Amino acid sequence: MKHEISPMYQTDFITDYALNWLDESIKGEDKPFFLYLPYHAAHYPLQARPKDIEKYKGKYKKGWDELRKERFNKMQKIGIIPKDVKLSPPENDLNRKGKPFVPEYKEYYPWDDLTEEKKDSLDLEMAVYAAIIDRMDQNIGRVLKKLEDENKLENTLILFLVDNGSCLFFKNQITDVQPGPANSYWSLRTSWANLGNTPYRQYKQAGHEGGSHTPFIAYWPNKIKPNTITNQPAHVVDIAPTFLDVLDMEYPETIHGYNTEPLHGSSLLPIFEGKQREEPDYFISGVKNMRMFRSGDYKIVQLNGGQWELYNIIKDPTEVNNLASTLPEKVEELESKFSTTPLGYTDRKKRKN
């Protein structure tokens, strides 16, 4: 399939493909359809169309410190986070696995300590990142317009989510080209990722909320009340049970003679309907040696294979107060529960070996 907007840009091209697929799938049909649209944005490299970048140049000259405070205040004002939540202090990326360790990209530093020339460069870096997201928003709009034109929008459940917190890596392999064009290859740094994860701690791969607490938006006209926010936690494993529930379908025990794997998660339909869902017994996120395990009001987090940290995730969602030393019995309880899960059992076997 040829790209429809030149020069080719991945986010546009993926949408071109999706719109062609919808043309083939829903024209004259009155049956359910499923479209999975996995945009690469926003990730790296930091490449965007020039006209999108121009919209954001200069908007980040305030710097990550001031902008993070502004975002935090706005989030509290519009009800995304409660009024009594504290803004976590900025910190370095504590994940010791990702190499090379380049201090400028792995460590936080105050914006006011930088030269004007450096601030200009960093403003451009974040402007390109914003342009990537802007282009994704434009393309989501193209899909929604298509559904509207085909009279499908009012009867379509749309879910938007990301798989982890803000992504920071040192991938700047072409240091003599500024971020933006196709021949550049930059990535986001810790301090900008810290802004993106407001108000939480840490980043992609970590078990802290900055790595595991991500946006989830559900849109379903006449089913989900507009402009509502829920604090009920959910996990990506809940999506499949939700689709089955919406379609009133049973999960098969076998497919083509093969036994199916047990279905994890539970339906989100009660939450969509404004009800209280029975909370799952536990949630797991992160990667090996950077795990988190949450059950009830408490959560344990491991950094670089070290000792478990403990947080009351209801009272302290930004993980400012580590309770591991004062509540060791709670750490032991959650670690014991974690070790009985399939993932925990696998991790334990690997550690023993």
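The values are calculated or read from the model by the stated rules, or taken from the named source; none is laboratory data. Predicted model, so just to flag it, every value in this text is computed and none were measured. Methodologically, a virtual Cβ is constructed for each residue, glycine included, from the backbone with ideal geometry; neighbour enumeration extends over all protein chains shown. Surface accessibility is based on the protein's heavy atoms, side chains included, excluding ligands, DNA and RNA. Shrake-Rupley method; radii C 1.70, N 1.55, O 1.52, S 1.80 Å.
Some observations on this one:
- Residue check: ASN73 meets all listed conditions (1) touching a strand residue (DSSP E or B) at 6+ places or on another chain (Cβ under 7 Å); (2) open to solvent by 30 Å² or more (accessible area, probe 1.4 Å) but one, namely (1).
- If the condition is being surrounded by 15 or more Cβ atoms within 10 Å (Cβ to Cβ) and either over 22 Å from ASP84 (Cα atoms) or of a type in the set (Asp, Glu) (or both), then segment 306-323 contributes TRP308, GLU309, ASP316, GLU319.
- Only one of the numbered conditions (1) in contact (Cβ under 8 Å) with a residue 40 or more places away in the chain; (2) closer than 30 Å to LYS204 by Cβ is violated by GLY274, and that is (2).
- Residue within segment 269-285 that is modelled with pLDDT under 95 and either more than 22 Å from LEU161 (Cβ to Cβ) or polar (S, T, N, Q) (or both) present: yes
- First in segment 101-125 and closer than 22 Å to LYS55 by Cβ, second anywhere and in a helix (DSSP H, G or I) and open to solvent by less than 20 Å² (accessible area, probe 1.4 Å), Cβ under 6 Å, 6 or more apart: TRP111/TRP64
- Candidates ALA48, ALA41, filtered to the one that is within 26 Å of GLY180 (Cα to Cα) and in contact with a strand residue (DSSP E or B) (Cβ under 8 Å, 6 or more places away or on another chain): ALA48
- Among the residues of segment 128-176, the ones that are of a type in the set (S, T, N, Q) and within 20 Å of the chain's Cα centre (by Cα) come to 4 in all.
- Hits in segment 48-70 - residues which are open to solvent by 90 Å² or more (accessible area, probe 1.4 Å) and either within 17 Å of ASN197 (Cα to Cα) or acidic (Asp, Glu) (or both): GLU54, LYS69
- Some residue of segment 129-138 being closer than 28 Å to LEU247 by Cβ and modelled with pLDDT of 95 or more: yes
- ILE140 fulfils the conditions (1) open to solvent by less than 70 Å² (accessible area, probe 1.4 Å); (2) within 17 Å of ASN194 (Cα to Cα); (3) assigned to a helix (DSSP H, G or I) except for a single criterion, (2).
- Yes/no for PRO7 being of a type outside the set (S, T, N, Q) and modelled with pLDDT under 95: yes
- Elements of type helices (runs of 4 or more DSSP H) contained in segment 205-298, each with 3 or more residues being within 22 Å of ILE80 (Cβ to Cβ): 209-212, 269-272
- Residue match in segment 83-105 (condition: modelled with pLDDT under 90, open to solvent by less than 100 Å² (accessible area, probe 1.4 Å) and of a type in the set (D, E, K, R)): yes
- Residues of segment 208-230 that turn out to be among the basic types (Lys, Arg) and at positive phi, as a count: 0
- The set of residues from segment 149-163 being part of a loop (DSSP other than H, G, I, E, B), of a type outside the set (S, T, N, Q) and open to solvent by 50 Å² or more (accessible area, probe 1.4 Å) comprises VAL162, ASP163.
Quick grid of which residues meet (1) free of Cβ contacts under 8 Å to residues at least 60 places away in the same chain; (2) among the small types (Gly, Ala, Ser); (3) open to solvent by 50 Å² or more (accessible area, probe 1.4 Å):
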residue: LEU147; (1), (2), (3): no, no, no
residue: GLY165; (1), (2), (3): yes, yes, no
residue: ASN172; (1), (2), (3): no, no, no
residue: VAL177; (1), (2), (3): yes, no, no
residue: ASN183; (1), (2), (3): yes, no, yes
residue: TRP192; (1), (2), (3): no, no, no
residue: GLN202; (1), (2), (3): no, no, no
residue: TYR219; (1), (2), (3): no, no, yes
